[in-house]
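See structure below.
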Amino acid sequence: MQPRRAARLALALAVGAVAACHSGSRAAATELPAPVAGEARAPAGTDARAPFGTDARAPVGTDSLEGIVRVVGIDALPVVTLVPDDASRSVTLDGPPSLRRVAGLRIAVVGERSGARLAVRRFTVLAANGVPATDGVLAADGDALVLVTSDGTRHRLVNPPPLLRSSVGHRAWVSGALDRAPVAYGIIE
């Protein structure tokens, strides 16, 4: 495994524990950052939601994927799918309603796969229109607004728009360099 992928995997595995601790609910931990695709899977026999290095057991079908989220179908019966980066067949995502709020974005997702369906445990936004994105929870720090990522890193946002300022406590994504005004942004939950 490449060192960069290993570091991303370790970070992603730790995310679930940190966010679940802050949220106070196990349900919130189902929508948190995920490890990357390919060789970056949770070690066999471990639960991808558990802190890295624990021995909680995972379902046999635990998988991770990266790709673009698409919402297809009709308004009354929308279907959320993931078009994987490797151009393989789309996968239907069964998960929280917040998945629909990241349509068009590149995400990493972890869940239990069954055929062409993935029961989503958690996900993280990786990019918007090819521009890298940061996924975290908005917090006030005096007069400043910060985006707190799952590893606890606090990124001070430069010139945050009113929508982000009014969404303290909510999970959001911001694309572009964090030392500049956001290129794009959105509220996830």
Check your understanding: Taking the stated definitions as given, is Arg180 assigned to a strand (DSSP E or B) and in contact (Cβ under 8 Å) with a residue 12 or more places away in the chain?
Key -> no
Review point. Given (1) in contact (Cβ under 8 Å) with a residue 60 or more places away in the chain; (2) part of a strand (DSSP E or B); (3) acidic (Asp, Glu), where does Asp151 come up short, assuming only one miss?
Key: (2)
Practice item. Test Arg89 against the stated conditions and say whether it is buried (at least 22 other Cβ atoms within 10 Å of the Cβ) and in contact (Cβ under 8 Å) with a residue 12 or more places away in the chain. Key: no
Point to revise | region 121-131: number of residues that are out of contact with any Ser or Thr (no Cβ under 7 Å at 6 or more places or on another chain) and surrounded by 22 or more Cβ atoms within 10 Å (Cβ to Cβ) | key: 4
Practice item. Can you give me the number of residues within region 146-160 that are surrounded by fewer than 20 Cβ atoms within 10 Å (Cβ to Cβ) and closer than 16 Å to Val131 by Cβ? Key: 2
Study note, to complete from the structure: Of the residues in region 167-177 that are free of Cβ contacts under 8 Å to residues at least 40 places away in the same chain and in a loop (DSSP other than H, G, I, E, B), the one that is surrounded by the fewest Cβ atoms within 10 Å (Cβ to Cβ) is Gly169
Check your understanding: Of the numbered conditions (1) over 18 Å from Pro96 (Cβ atoms); (2) modelled with pLDDT of 95 or more, Gly186 satisfies every one except a single condition; which is it?
Key -> (1)
Study note, to complete from the structure: Among residues of region 67-86 being within 14 Å of Leu105 (Cβ to Cβ) and free of Cβ contacts under 8 Å to residues at least 24 places away in the same chain, the residue surrounded by the fewest Cβ atoms within 10 Å (Cβ to Cβ) is Val83
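The values are calculated or read from the model by the stated rules, or taken from the named source; none is laboratory data. If you're wondering where the values come from, they're calculated on a predicted model, not measured in any experiment. Methodologically, a virtual Cβ is constructed for each residue, glycine included, from the backbone with ideal geometry; neighbour enumeration extends over all protein chains shown.
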